[in-house]
1. Can you tell me the length gained on complete extension of the stretch Ser117 to Tyr235, counting 0.36 nm per residue apart and subtracting the Cα distance?
2. Through the Karplus equation 6.51 cos²θ - 1.76 cosθ + 1.60, θ set to phi - 60°, convert the phi angles of the stretch 31-37 into ³J(HN,Hα) values in whole Hz; use x for Gly and Pro.
3. Under 14 Å from a label point 7 Å along Cα→Cβ of Thr98: give me every residue in the stretch 139-154 with its amide N that close.
4. Among Ile80, Gly101, Ala130, whose Cα projects farthest towards the positive end of the dipole of the stretch 41-147, with charges put on the beta-carbon of Lys, Arg (+1) and Asp, Glu (-1)?
5. Do any of Lys62/Lys217; Lys94/Lys246; Lys62/Lys131; Lys92/Lys246; Lys92/Lys131; Lys72/Lys246 go past 18 Å between their Cα atoms, and which?
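Every read-out reported here was derived from the displayed coordinates using simple, explicitly stated rules and does not represent laboratory data. None of the values given here were measured: they were computed from a predicted structure. Heads up, the Cβs are rebuilt from the backbone with ideal geometry, glycines too, and the neighbour counts pull from every protein chain shown.
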Amino acid sequence: MYFMTGLLRVSIMMKPAFNEQKDNEEEVIHELEHYQQLSNWDCGIACVLMVLPTPSRNYFIKNFSQVVEEEKFGESTWTIDLAYLLDRFHMKFKYFTTTIGIDPGYSKENFYDKVLSKDTERVNEKFSLAKQRGIHVEKNSVSINEIIENLQKGPVIVLTNAHQLHCTACSNSIASTYTALSSCLRICPPAYQGHYITLVGYNKDKNEVYYRNPTNKDKVCRMPYSRLDECRTAYGTDEDIIFVQKSAAR
């Protein structure tokens, strides 16, 4: 439920938070304003900025250091931190995870061993106070069908193993070979590397989801349903996922 991949580069585009969609459409794409991360820890924050309404994202960007200090996560953000950020800006959402708190087994993982000692108390406290804050956290695993259903209503922020991400659009384009190798294809050792992406739609005919990768500049990537399931259920993700609703304010 934690990421650390490589403050925010903004692609200025006058777009709505998300487009209206009809239920059961064969293809859905939510138009979002893209944000590219600039550090190795801010992909989750970039994903949150993509789904915020314009006034909220402008405030966040202008007061970035202040918000980070008040939320107390520094340069180490977990999915529960993203949930608190969304709640701070009055977004409607549901957060699903298979682990409430921090899995003690992560102490043996290289990716987590340097952050657990300083983050465990803070993260567990945020989980314990979530219900009191009105933040919906549900211990449950969701299916690909549930993801597609919720993509009809709005974008989805999901934690993945970056090494398993594979954009078919990048891999099929000679012009984007460098981008694919550096961000989408992730030709690296098979160790876990937590990375958030924002799902923005799907194509039922091709069995693909559309997503925005904050590692990239402004573009929409795509991957098969099966690949999404592989990278989002990898050990280390806790299958963390946030369904964001189109109605911005609570």
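1. Extra length from Ser117 to Tyr235 when fully extended: 40.5 nm.
2. With the stated coefficients, the stretch 31-37 comes to 7, 10, 7, 7, 10, 9, 5 Hz.
3. Zone members listed by number: 139-144.
4. Ala130
5. Values: Lys62/Lys217 21 Å; Lys94/Lys246 12 Å; Lys62/Lys131 29 Å; Lys92/Lys246 8 Å; Lys92/Lys131 14 Å; Lys72/Lys246 28 Å.
In this structure, Lys62/Lys217; Lys62/Lys131; Lys72/Lys246 lie more than 18 Å apart at Cα.
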